[in-house]
Amino acid sequence: MSKARDAFEAAIYRCLQQLPTESASMIGSIITRTNIKLFLKGVIAGTTRNLRLHHPDWSEDQIDAAVRRYMENVGRLYGEYAVLHRLKAEGRLIYSDNLVRLGQEHGRMPVVSIALHIGNWEAMGAGLQDLGIPTAAFYEPPSSEVQRRIVVDVRERFGFRLLPPDLQGLRTSLALLKRNGFVFMFGDEARDGRTMAPLFGRTPHTRGNLAIIARLARKANAHLNVSYVERLPRCRFKLNMTEMFTLPTRNEPDLIEDVALLNARIEPIISSHLESWYFLDDSIEPLPV
């Protein structure tokens, strides 16, 4: 079954590569929405549940429309993997002022960018490459072999240095930051169907990426920002980075307080882009002790 699925995904990817950018995006949406409705109904249930929690005042029609927009974004994201390399040449990218400034000031300070799974986050790679920002990024490989090859191909094409999510990857990232490098790491995440970050009112914990980012930033005395990609009409994207900030100086750093601070940076952004946030369908129940 796995081999058949891989062969199907590879064939679809090759076909999408031959299509115009907007057509590839649209077909990705159609395929994914159909697959979710037929075989992954738990995604719809989870998305509906979480939208009700976030927007208790919304009507059922509003919730249903938001679920459709969520599925469309996920599908377009998948379809756009085949055409990401065209986005810059086709004029589909808009850069925020802070991103442009980062390109101008790159190499003057160590920077950890807290990436978010909003819109099509892979489009950020095209912008970083265009602005001449060498990027090291932590990489958690998908379970599918074909998806793994596609993601690696896309990120390496944009010049990313892929780091394993282990001790060796952390050592490499620390060495790069000591040389005023730029490290890209996702702050939002889900494990086994449960959202680890943002917290959405839950107790801060040290078991996720926010804690790793905090430790890394303190060891390297690095500046931080938050990066995310907004989807615009007609397959266009705005690449956003927030202002730089640093973790507060303390006599004895408190990791839980650092996690809470980083969560406060990412949660409002995700809350305002829920329908294009990849992990919207995962559980936001309290984490087990």
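For segment 69-124, the square roots of the Cα gyration tensor eigenvalues, ordered a ≥ b ≥ c, give a/c of at least 1.5 with a/b greater than b/c, which places it in the prolate category.
What does the net charge come to around GLY42 if you take all other residues with beta carbon closer than 12 Å to its beta carbon, with K and R at +1 and D and E at -1?
Working: positive: LYS37, LYS41, ARG49; negative: ASP281, ASP282.
Surrounding charge for GLY42 is +1.
Listed by chain and number, the aspartates and glutamates placed with their C-alpha closer than 17 angstrom to that of LYS3 are GLU145; residues fewer than eight positions away on the same chain are left out. Partner lysines whose Cα lies under 30 Å from the Cα of LYS88, excluding those fewer than 8 positions away in the same chain, are identified as LYS238. For LEU128, the shell of other residues with beta-carbons less than 15 Å away shows a net charge of +2, using +1 for Lys and Arg and -1 for Asp and Glu.
Between ILE94 and PHE237, LYS238, LEU239, the built amide H atoms are under 5 Å apart, and every one of these is 5 or more places off in sequence or on another chain. The GluC sites (Glu not before Pro) of segment 183-289 meeting both criteria, a DSSP state outside H, G, I, E and B (loop) and at most 13 other C-beta atoms within 10 angstrom of the site's C-beta, are GLU243.
Of the residues ARG76, ARG179, the one with the fewest other Cβ atoms within 10 Å heads the list, and the complete ranking is ARG179, ARG76. Taking Cα centre as origin and charging only the Cβ of basic (Lys, Arg, +1) and acidic (Asp, Glu, -1) residues, the dipole magnitude of segment 2-281 rounds to 560 debye. Within segment 2-281, antiparallel bridges make up roughly 40 percent of the DSSP beta bridges whose residues both belong there. Working from Cα pairs under 8 Å separated by at least six residues, relative contact order for the chain is 25 percent. Of the complete DSSP H runs in the chain, those spanning 24 angstrom or more by Cα along the long axis with a mean Kyte-Doolittle score not below -0.5 are 21-39. Using the rule -39500 (n - 2.57) for each DSSP H run of four or more residues, divided by the residues of the chain, the 222 nm mean residue ellipticity is -16000 deg cm²/dmol. Within the straight-line cut-off of under 19 Å between alpha carbons, the lysines reachable from LYS219 are LYS178, sequence neighbours fewer than 8 places apart in one chain being disregarded.
Taking the number of other C-beta atoms within 10 Å as the exposure measure, put ILE44, ILE266 in order starting with the fewest.
With the fewest neighbours first, ILE44, ILE266 line up as ILE44, ILE266.
Amide H contacts of ARG194 (H built 1.01 Å from N, in plane; Pro and chain starts excluded): SER283 sit under 5 Å, all sequence-distant by 5 or more or on other chains. Listed from fewest to most Cβ neighbours within 10 Å, the set ARG231, ARG68, ARG265 follows the order ARG68, ARG265, ARG231.
Taken together, the values in this text are just the output of simple stated rules run on the coordinates, not laboratory data. Remember, it's a predicted structure, so these values are computed and weren't measured experimentally. Please note: Cβ atoms are built from the backbone with ideal geometry, for glycine as well, and neighbour counts cover all protein chains shown.
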